[in-house]
Amino acid sequence: MSPLTAVGVGAAIATAGPALTAVGPLRRRCNPRLSGVSSREHIALTFDDGPDPASTPAFLDLLAEHERHATFFVLGEQAVAHPGLIRRIRQEGHELAIHGWTHRCTLAAPPTRLVRDLRDARDALEDICGTVLTWFRPPYGVLSGEALLACRALDLRPVLWTAWGREWERDASPATVVATVLRTLRPGGTILLHDTDRHAPHGDWRRTLEATEQLLAGPLASANLGPLGDHWRDGPCEDGSM
Ligand SMILES: [Zn+2]
């Protein structure tokens, strides 16, 4: 792979599907940690929107087969519905992180509700898995000012991504997901995929699973790849504040 360079995350909020708010080039330069960029030649592998009993076990099986670990950004309401799956994620050495209580844009909730939702999700996950959680990634990547304040109040660290698969697009296939990830992935980058299609209007978790298999068996087979907890040499703050 080429040396670490700025990575290409889009600059718009999509109206449907697991889209994002931009992390533009300026923000990537000023705050690479928020964008998921590390100075290490390490790739962080992350999955959003689970846990889902229909699909998450298949991703866990695949990761075990390849002896890889990842970070799972989960929803509080899904976690309390499937605590055994949360425990399995943790017991198999993966990292748990917060994606919200429900899959709702942070702009849609009043600030007090947002703090309550994130606190509820954090407390529920910590009760189930017995570990302290570090990371928050907002649904759709929309990191509002209120969301940043909520993170500060709850001592959570927001993190977005540098490469994604756009699996929710109508014509997505394993090949397009792989190509889309590789288009912007650089050493030190963070990959966003989804271990469920519950929040993707045209999604199919099986093509994400196949794409993940292709990435792990092919281009990323020898990469230094793992969860966000291993992404920064000296911990989450290495590359700057918030
Ligand atoms: Zn999501």
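The values are calculated or read from the model by the stated rules, or taken from the named source; none is laboratory data. None of the values given here were measured: they were computed from a predicted structure. Cβ atoms come from the backbone with ideal geometry, glycine included; neighbour counts cover every protein chain shown. For the accessible areas, the whole protein counts, side chains as well, though only heavy atoms, and no ligand, DNA or RNA atoms are used. Shrake-Rupley method; radii C 1.70, N 1.55, O 1.52, S 1.80 Å.
If the Cβ limit is 7 Å and pairs must be 6+ apart or interchain, which residue in the stretch 145-159 that is closer than 15 Å to R119 by Cβ pairs with which residue that is at pLDDT 95 or above and open to solvent by 70 Å² or more (accessible area, probe 1.4 Å)?
L154/R119
Can you name the residue in the stretch 30-75 that is part of a helix (DSSP H, G or I) and within 16 Å of the ligand (Cβ to nearest atom) and is also surrounded by the fewest Cβ atoms within 10 Å (Cβ to Cβ) among such residues?
T56
Whether any residue in the stretch 133-154 is open to solvent by 20 Å² or more (accessible area, probe 1.4 Å) and closer than 23 Å to S55 by Cα is what I want to check.
Going through the stretch 133-154, the residues open to solvent by 20 Å² or more (accessible area, probe 1.4 Å) turn out to be 134, 140, 143, 145-146, 148-149, 152-153.
After this cut, where a residue has to be closer than 23 Å to S55 by Cα as well, the list is 140.
Yes: one or more hits.
For the stretch 183-208, what are the residues that are under 21 Å from G226 (Cα atoms), buried (at least 19 other Cβ atoms within 10 Å of the Cβ) and of a type outside the set (D, E, K, R)?
Within the stretch 183-208, L185, G188, G189, T190, I191, L192, L193, H194, T196, W205, T208 meet the criteria.
Looking at this structure, is A163 small (G, A, S) and more than 16 Å from the chain's Cα centre (by Cα)?
It is false that A163 is small (G, A, S) and more than 16 Å from the chain's Cα centre (by Cα).
Going through the stretch 113-132 one residue at a time, which ones are open to solvent by less than 30 Å² (accessible area, probe 1.4 Å) and of a type in the set (D, E)?
Answer for the stretch 113-132, where residues must be open to solvent by less than 30 Å² (accessible area, probe 1.4 Å) and of a type in the set (D, E): just D117.
Quick one: is E65 touching a residue at least 24 places away in the same chain (Cβ under 8 Å) and of a type in the set (D, E)?
Judged against the criteria, E65 is not a match.
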